[in-house]
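What follows is a single structure, written as structure tokens, with notes after it.
Rule-based calculations on the coordinates, nothing more; no lab input. None of the values given here were measured: they were computed from a predicted structure. Cβ atoms come from the backbone with ideal geometry, glycine included; neighbour counts cover every protein chain shown.
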Amino acid sequence: MRLTIDGTAADYREGETVLDVMRSIGSYVPTLCQDDRISPRGSCRICLVEVDGTTAAACTTPASDGMVVRRDNPHVRLAARGALELIVSELPPRALDVPADRSELVRACDHFGITTTSFTGEAHRRGLDHSHPYVKLDRDLCIACGRCVAMCSEVQGTFALELVGRGFDTVVSPGAGEPWVDSPCVGCGGCVDSCPTGALSEPELLDPRPLTGTVTTTCGYCGVGCTLDVHLRGGEVAVITPTRSAPVNRGHACIKGRFAHTFTRADDRLTTPLIRRDGQLQETSWDDALGFVADQLTAIRAQHGPDAIGMISSARATNEENYLAQKFVRTVIGTNTIDNCSRLCHAPSAAGLTASFGLAGGTNCLDDLDRTDCVLLAGANPTEAHPVVGARIKQLVLGGAGLIVIDPRETELAALADVHLRLRPGTNVAAFNGLARLLLDHGHIATDFLTERAAGLDELTAVLHDYAPERVSEITGLTTADLTQAAELYGQATNPAIVYGLGVTEHAHGTDGVRTLANLAILRGTVGTPGCCGILPLRGQNNVQGASDMGALPDLLPGYQPITDPRVRERFARVWGSPVPERPGLRIPQMFDAAVAGELRALYVIGEDIAQSDPCTSHVEHALRCCDLVVCHDLFLSRTAELADVVLPAANFLEKDGTFVNFDRRVQRVRPALDPPGAAKTDFDILRHLAHALGNDLGCAGPATAMDECAALTPTFGGISHARLDHEGPLHWPCPDTDRPGQPVLHLDGFATPDGRAHLAACPYLPPGEQADAEFPFLLVTGRRLVHYNTGSMTRRTPDTELLPAETLDVHPADAALLGLTDTAPVEVTSRWGSVTMPTRTTREVSQGQVFAAFHFATTPTNALTSPHTDSATGCPEYKVTAVALRPG
């Protein structure tokens, strides 16, 4: 299809507007109300062009075959110029003082040659709202274009903004007109990013100094993997904006990725190595620190053997750093005792998805959600923990898709759901089995798929005999009506999708939870089928998927190749020039137990604050004190670092080169925008230098060569390289060859199980590790808050603390009344494992008998309460069910 623009033919695609086509051929057309991320508005009228002899707005006029478009009609240009002059006439003179690279209004005025206006009249004097730490409103610059309102509703789905007033007095307002900081705004920055005049801005953009460069990288917060443009000024991050063309986030971001970057220049960044002398951590040189670590590791290995040394690698580190870490442990130390924090969150996903389908990753990509007509969301609160995905799901629901939420808490998405299965904590398997029973009973199954591509139906049917709705109701606390409605909604959907999170995995039977949830997708035949939406696990930290992909696991080499396979070990040994130990190493919880038993004598921790993030932290701290040597890489002096013998200053994701893998198996580039401060180094360089101090050469000169070596040894990543990613963009694994694309959708040609079939799991319900009782009558569920991340080491060093300065215990109002607790009043929370005091927050988001808290604040060590119970299959801790008692503090 083709039209003509100023005498030049131009092709277009169905659905494109005249503006789309003009921009595709490099033609600048000024607009003030248009943003590709929102629906066309056509209100500013400065994009007027002549179309087939008539005047039309380019942004709302659909392209059609044979159309003739002209920009040089003087009458049309005069009309557009007049519309812009009228807009400018209402603004104060400073509106045109904004640098052109920060104001579409200024660029439009430059295009038309407007420096003043022939219109006379009053200019706005409506004042400022700078109450929010990030979003700054200058009402006098607002032209009521509505872009911010549309971004908030159509992209973010928060509906926090509206245009109020009439005519000349129309202006954007948050909520009911209260100060911005008190509004429902979630700080995604979409409004700031879209505002064409600077009416909505952020503090760094108020700085008149020019920006000096831009680097495109991948966000280092959650596992969504948003692509970000990092804009620099004078060697520091000035502003971060979401990349408009990014396939994952599509020009959107959350408050953390968009704004929480000032931790990079925090006063307490570690910038020089620290070594413990006379009981105190003291500054030292890299040579001294690495020499000391090398001497200690050599002595421990000589006296106690290599298995007396363990390493915890990092889900915050790059793939290349994790690859180098596991290579270091296996070749330099000579042990397989290496693990990463996926053990504490998604190890049941890797085990469960591998058992069900043959590969340890989600079956589909995020884009496939666009096709779904029903989302089953289990054990996840993405509007807080994965906000870009949460916003995408909100938009699907607002567009008519069904939504089933399975969660003990009433989250934001639960409030929007068609059915909210508010089950008792720890009863996932019973609920999933109950839904599977109803799917079978009501005939909502893919018979041909089950016959031709699945196994285990008879065994599953036998187990499901015991999961009639009435029994499931007794176990879970759900009504039979809600169970039936959920099964009908999921069972009758044309293309249902399953999205789940840590509320499924972090249980004593988390692997069973993943497998019984996967049963639902298999029964419906929505995995490995063209056009399906499959099952997506939402990963917590930025590179949880990649850390495991790269072999930072005690029993698996890169690409999940078993350490017990002699052919695999031999292939790695040939390339590495060193034998690979054949006995699997210890998992993280086993490392702590071994340290207490005197069997593990050295623990090397990369980028994890295990003394705050791991369960039963008193046990973790005891284990660290039992070690002869504790080494820690970190950005700040974390609780773990405070207990370490050597602390090595590390770089953050904005200072690194490499790749991350996001939650849908998408390998994406990470590029350094900053230099590490002081003497800080990347984890990659630290490991190389330490290997050298131990008399070894790890053989990877840089991250790109490390990825090349990994690809040569790992069929899953055989076609992936930095050069290819830079040229083609992100690639999904598996990507075995350089001449083939990656696989966004898995199992289309068969499942990766030994028999090529998807495997249904006949898993009976087993109770959680703890139950509420007379001594500990409440159940504690842990999770995350929107504005903070993991242990808070980064976000607590940003203005995010103005929005959430401390942790609270969420308590149901009825329970609070019985205990005499009021909002902000201190409450002492005690479990069998520890005691913590924190402020109370009364809310109906939790059910009676249940409480909730996050672990972002070191001053509120929530994980001192959580138990040592773990998933029997993987060792993943049971963070989601801890019996506690409450009393006023």
### Query
Rounded to the nearest 5, what % of the DSSP beta bridges within the chain are antiparallel ones?
60 percent
### Task
With +1 on each Lys and Arg Cβ and -1 on each Asp and Glu Cβ, and nothing else charged, work out how big the dipole of region 656-799 is about its Cα centre, in Debye to the nearest 20.
520 debye
### Query
In degrees between 0 and 90, to the nearest 10, how far off the longest principal axis of the chain does helix 566-576 point, with axes built from Cα atoms?
60 degrees
### Task
Relative to the longest principal axis of the C-alpha atoms of the chain, give the angle of the C-alpha long axis of helix 74-89, reported between 0 and 90° and rounded to the nearest 10°.
70 degrees
### Task
Subtracting the Cα-Cα distance from 0.36 nm times the residue separation, let me have the gained length for Leu206 to Gln492 in nm, one decimal.
97.7 nm
### Potential lengthening between Arg265 and Ser118 on full extension [0.36 nm per residue; Cα-Cα distance subtracted]
48.2 nm
### Estimated distance in nm for a label pair at Ala679 and Asp169, the labels positioned 7 Å out from Cα along Cα-to-Cβ
6.5 nm
### Message
Taking the Cα centre as origin and putting +1 on Lys and Arg beta-carbons and -1 on Asp and Glu beta-carbons, what dipole magnitude results for region 778-866, to the nearest 20 debye?
### Response
220 debye
### Task
Set the Förster radius R0 to 41 Å, insert the Cβ-Cβ distance between His111 and Gln485 as r into 1/(1 + (r/R0)^6), and round the FRET efficiency to 0.05.
0.15
### Query
How big is D, in µm² s⁻¹, for region 2-112 by Stokes-Einstein at 37 °C and 0.692 mPa s if Rh is the Kirkwood radius over C-alpha pairs?
226 µm²/s
### Query
Simple spin-label model, 7 Å along Cα-to-Cβ: His130 to Asp749 in nm?
6.0 nm
### Cβ charges +1 (Lys, Arg) and -1 (Asp, Glu), total dipole of region 128-265, debye
400 debye
### Unit charges at the beta carbon, dipole of region 619-773: most positive-side option, Thr682, Ala704, Gly756
Gly756
### Query
Straight-line reach from Lys256: which lysines have a Cα under 18 Å away, not including same-chain ones fewer than 8 places off?
Lys136
### Summary
Unit-weight point scatterers at every alpha-carbon of the chain, Debye formula, q = 0.08 1/Å: log10 I(q)/I(0) is -0.76
### Query
Where the eigenvalues come from the Cα gyration tensor of region 778-826, what are the semi-axes √(5λ) of the equivalent ellipsoid, largest first, in whole Å?
26, 13, 7
### Message
Positive end of the dipole of the chain, charges at C-beta (+1 Lys, Arg; -1 Asp, Glu), about the Cα centre: which of Thr617, Gly390, Val846 has its Cα farthest in that direction?
### Response
Gly390
### Message
Full-extension gain between Thr859 and Arg471, please, as 0.36 nm times their residue separation minus the C-alpha to C-alpha distance.
### Response
135.4 nm
### Query
Applying 1/(1 + (r/R0)^6) with R0 = 41 Å to the Cβ-Cβ distance of Asp72 and Leu416, what FRET efficiency is obtained, to the nearest 0.05?
0.25
### Task
Assuming a ≥ b ≥ c are the square roots of the Cα gyration tensor eigenvalues, decide whether region 251-328 counts as rounded (a/c under 1.5), prolate (otherwise, with a/b larger than b/c) or oblate.
oblate
#### Entry: Kirkwood hydrodynamic radius over Cα pairs of region 152-276, then Stokes diffusion coefficient at 37 °C and 0.692 mPa s, in µm²/s
199 µm²/s
### Message
Placing +1 on the Cβ of each Lys and Arg and -1 on the Cβ of each Asp and Glu in region 2-112, which of Met67, Val18, Ser103 has its Cα farthest towards the positive end of the resulting dipole?
### Response
Ser103
### Task
Could you check the simple spin-label distance between Asp367 and His622, using points 7 Å along Cα→Cβ, in nm with one decimal?
5.2 nm
## Note on the structure
One computes Rg over Rh for region 614-708 from alpha-carbon atoms, with the Kirkwood Rh, and obtains 1.02
#### Entry: Prolate/oblate/rounded label for region 778-866 (Cα gyration tensor, a/c 1.5)
prolate
### Message
When 1/r is averaged over all different Cα pairs and the result inverted, which Kirkwood radius in Å belongs to region 568-669?
### Response
15.9 Å
### Task
Scan the chain and report its longest stretch carrying no trypsin sites (Lys or Arg not before Pro) that are both in a DSSP loop and have at most 12 other Cβ atoms within 10 Å.
167-843
## Note on the structure
Taking Cα atoms, the helix 703-713 axis meets the longest principal axis of the chain at an angle in degrees (rounded to 10) of 60 degrees
### Message
Quick query: amide H of Gly889 versus all other amide H atoms, modeled in the peptide plane; which residues come in under 5 Å with a sequence gap of 5 or more or a different chain?
### Response
Val827, Glu828
### Message
Once R0 is set to 35 Å, what does the formula 1/(1 + (r/R0)^6) return for the Cβ-Cβ distance between Thr824 and Glu236, expressed as a FRET efficiency to the nearest 0.05?
### Response
0.45
### Query
Counting pairs of Cα atoms in region 347-538, how many percent are more than 32 Å apart?
5 percent
